[in-house]
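Trainee: Before we start, here is the structure in question, set down as structure tokens.
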Amino acid sequence: MWNKYSERLGIDVQGFYSYYNGYNKAIGIEFEMIKAVAPIGLMELRNVDPNFHPPQIYRYVTNDDIAVILAQKIKKA
């Protein structure tokens, strides 16, 4: 029976319970169909949209930002 759902969820039973382990509440999305696709390269994306930039999980820090942080650390010391 689980195979029926794993095809629609895109995850097997062990992965499901491992992912949701320890949570009292969680949300999952059930898909009608899942199809594997080949990876899409950055240049292919930029051929469609030359201004495409991948999401970044960091922030650029300016010299002023660094100065503020250092000043705060000096005050605490």
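Trainee: Within the range 11-29, how many residues turn out to be within 18 Å of the chain's Cα centre (by Cα) and either of a type in the set (Ser, Thr, Tyr) or not in a helix (DSSP H, G or I) (or both)? Lay out the reasoning, then the answer.
Mentor: Initially, the range 11-29 is screened for residues within 18 Å of the chain's Cα centre (by Cα), giving 11, 15-16, 18-20, 26-29.
Filter once more, keeping what is either of a type in the set (Ser, Thr, Tyr) or not in a helix (DSSP H, G or I) (or both): 11, 18-20, 26-29.
Residues meeting the conditions: 8.
Trainee: Would you say ILE57 is within 18 Å of the chain's Cα centre (by Cα), surrounded by fewer than 10 Cβ atoms within 10 Å (Cβ to Cβ) and at pLDDT below 85?
Mentor: Values: within 18 Å of the chain's Cα centre (by Cα): yes; surrounded by fewer than 10 Cβ atoms within 10 Å (Cβ to Cβ): yes; at pLDDT below 85: yes.
Criteria met by ILE57.
Trainee: While we're on this one: Within the range 31-46, can you find the residues that are under 19 Å from the mean Cα position of the chain (by Cα) and surrounded by 10 or more Cβ atoms within 10 Å (Cβ to Cβ)? Before the answer, list the steps.
Mentor: Kept after step one, since they are under 19 Å from the mean Cα position of the chain (by Cα), are these residues of the range 31-46: 31, 34, 36-42, 45.
Result: PHE31, ILE34, LEU42, LEU45.
The values are calculated or read from the model by the stated rules, or taken from the named source; none is laboratory data. Keep in mind it's a predicted model, so treat the numbers as computed, not measured. Virtual Cβ from ideal backbone geometry, glycine too; neighbours counted across all protein chains shown.
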